[in-house]
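Q: Structure in structure tokens, see below.
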Amino acid sequence: MLLPNGIWNYLIGGALIGIGISFIYILTGFITGASSNIDSILSLISNKFSKKHSKYRILLLMGLMLGAFIYTFFTNSWTQTSVAYWRLLIGGIFVGFGTRLGRGCTSGHGICGIASLSKSSFINVIIFVTVAIITANIVKILGVIP
Amino acid sequence: MKKELTVFIGATIFGVGLAYSGMTKPEVVLSFLQLNDLGLLILMGTAVLISGLTFFFLSHSGKKAPLTHQKYGIRNYPLDKNIVIGAIIFGIGWGLSGICPGAGFASLGTGNFPVLIAIFGMMIGVTLLKVSTKGKYPLN
């Protein structure tokens, strides 16, 4: 069974994401991406990091949190991950380094880059998804669950 | 002020979508990566289709965005080796943690506070990138 949880939550979730990105684009021409928000948070702590667009990026990040909060509040579906803390920490370090070296993440390259039919985004996405599938399966085979 | 509000509202809709689909849970992402539930492909496909149609028609319309008067562009960076190396490193991190930047931030709104550890990790990662490239990266 490749879709044990059905398709509707993914279809509706994906549509909302596409609508959110389109709403911002139609009114402002801005193309959404999340990984550069990490720079903007760091720019609040250190002036070595770029403050470029940081007002918008921090609003973007607050919106993402508010939207997820609203859904979780009304469905009372609060959760805490049981993924091991070392995986979150080490994984996070790789995610921060890799997305900012590669100039994008799941939203920047994965949605907006592919939606722009960008060759570099297609290549980036194929590589990160393949490497992530291999990594997640190695971790599973090693018996680290979840 | 309208620009700020637009970004905030759009991001809020985006955040509802992330929580609705469960992508804010690392377990759901890992279940996709371990090929147990391929639903994230449907999520990505739907989001790409809607954004792609919007980008395509507006970028071909020659019009300008009403709030910024900037021409509608697309997102297309020149391919270089860092886009490839970055993808490999990101893939290792995503496969290990099940967390990517957008879903990670949204996850905090669902009360998933252990994800703060991953956000902290991302801040360390970007700092390491900055130091190891002598400030050349991250690019804006």
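Q: Is it fair to say residue A:127 is farther than 24 Å from residue B:109 by Cα, modelled with pLDDT of 95 or more, in a helix (DSSP H, G or I) and within 7 Å of another protein chain (Cβ to nearest Cβ)?
A: Taking the combined requirement at face value, the residue satisfies it.
Q: Sticking with this structure for a sec: Would you be able to say whether some residue in segment B:119-139 is in a helix (DSSP H, G or I), under 16 Å from the mean Cα position of the chain (by Cα) and among the β-branched types (Val, Ile, Thr)?
A: yes
Q: Residues in segment A:99-117: is at least one closer than 16 Å to residue B:123 by Cα, surrounded by fewer than 24 Cβ atoms within 10 Å (Cβ to Cβ), out of contact with any His (no Cβ under 6 Å at 6 or more places or on another chain) and more than 7 Å from chain B (Cβ to nearest Cβ)?
A: No, every residue in segment A:99-117 fails to be closer than 16 Å to residue B:123 by Cα, surrounded by fewer than 24 Cβ atoms within 10 Å (Cβ to Cβ), out of contact with any His (no Cβ under 6 Å at 6 or more places or on another chain) and more than 7 Å from chain B (Cβ to nearest Cβ).
Q: In segment A:37-58, which residues are surrounded by 21 or more Cβ atoms within 10 Å (Cβ to Cβ) and either touching a residue at least 24 places away in the same chain (Cβ under 8 Å) or more than 19 Å from residue A:99 (Cβ to Cβ) (or both)?
A: A:37, A:38, A:39, A:56
Q: Separate question: So residue A:59 ticks every box in (1) within 23 Å of residue B:19 (Cα to Cα); (2) more than 7 Å from every other protein chain (Cβ to nearest Cβ); (3) not small (Gly, Ala, Ser) but one. Which box is left unticked?
A: That leaves (2) as the condition not met.
Q: Further question: Please name all residue pairs, on different chains or six or more residues apart, with Cβ atoms under 6 Å, provided the first residue is in segment B:95-109 and is surrounded by 24 or more Cβ atoms within 10 Å (Cβ to Cβ) and the second residue is hydroxyl-bearing (Ser, Thr, Tyr).
A: Correct list of pairs: B:95/A:135; B:96/A:135; B:100/A:106; B:101/A:35; B:102/A:107; B:103/B:24; B:106/B:24; B:107/B:24.
Q: Please count how many residues of segment A:1-36 are within 23 Å of residue B:5 (Cβ to Cβ), among the hydroxyl-bearing types (Ser, Thr, Tyr) and touching a residue at least 24 places away in the same chain (Cβ under 8 Å).
A: Residues flagged as within 23 Å of residue B:5 (Cβ to Cβ), among the hydroxyl-bearing types (Ser, Thr, Tyr) and touching a residue at least 24 places away in the same chain (Cβ under 8 Å) within segment A:1-36 amount to 2.
Q: On to the next question. Restricting to segment B:12-51, count the residues that are among the aromatic types (Phe, Trp, Tyr) and at the interface with chain A (Cβ under 7 Å from one of its Cβ atoms).
A: Adding up the residues that qualify gives 2.
Q: Could you tell me whether any residue of segment A:26-36 is assigned to a helix (DSSP H, G or I), within 7 Å of chain B (Cβ to nearest Cβ), over 21 Å from residue B:104 (Cβ atoms) and among the polar types (S, T, N, Q)?
A: Checked against the condition, which is being assigned to a helix (DSSP H, G or I), within 7 Å of chain B (Cβ to nearest Cβ), over 21 Å from residue B:104 (Cβ atoms) and among the polar types (S, T, N, Q), segment A:26-36 yields at least one hit.
Q: Something else now. Quick check on my filter: what residues within segment B:82-94 are touching a residue at least 12 places away in the same chain (Cβ under 8 Å) and within 22 Å of residue B:116 (Cα to Cα)?
A: Within segment B:82-94, B:93, B:94 qualify.
Q: A further question on this structure: Given the residues B:54, B:6, B:68, which is the only one that is of a type in the set (Ser, Thr, Tyr) and either without any contact (Cβ under 8 Å) to a residue 24 or more places away in the chain or more than 7 Å from chain A (Cβ to nearest Cβ) (or both)?
A: Answer to the check: B:54.
Q: Taking the condition part of a helix (DSSP H, G or I), aliphatic (A, V, I, L, M) and under 17 Å from the mean Cα position of the chain (by Cα), does residue A:42 pass?
A: Criteria not met by residue A:42.
Q: Turning to a different aspect of this structure: Working only within segment A:59-79, note down all residues that are among the small types (Gly, Ala, Ser) and surrounded by 17 or more Cβ atoms within 10 Å (Cβ to Cβ).
A: A:63, A:67, A:68
Q: Out of A:24, A:45, A:114, which single residue is in contact with a helix residue (DSSP H, G or I) (Cβ under 6 Å, 6 or more places away or on another chain) and either within 23 Å of residue B:79 (Cβ to Cβ) or modelled with pLDDT under 95 (or both)?
A: A:114
Q: Here's another thing I want to ask about it. Consider residue A:82 against the criteria (1) surrounded by 21 or more Cβ atoms within 10 Å (Cβ to Cβ); (2) more than 7 Å from chain B (Cβ to nearest Cβ); (3) within 21 Å of residue B:120 (Cβ to Cβ): it satisfies all of them except one. Which criterion is unmet?
A: Of the numbered conditions (1) surrounded by 21 or more Cβ atoms within 10 Å (Cβ to Cβ); (2) more than 7 Å from chain B (Cβ to nearest Cβ); (3) within 21 Å of residue B:120 (Cβ to Cβ), the odd one out for residue A:82 is (1).
The values are calculated or read from the model by the stated rules, or taken from the named source; none is laboratory data. Here the structure is a predicted model, which is why all the values come from computation and not from measurement. For neighbour counting, all protein chains shown are included, and Cβ atoms are generated from backbone atoms with ideal geometry for every residue, glycine included.
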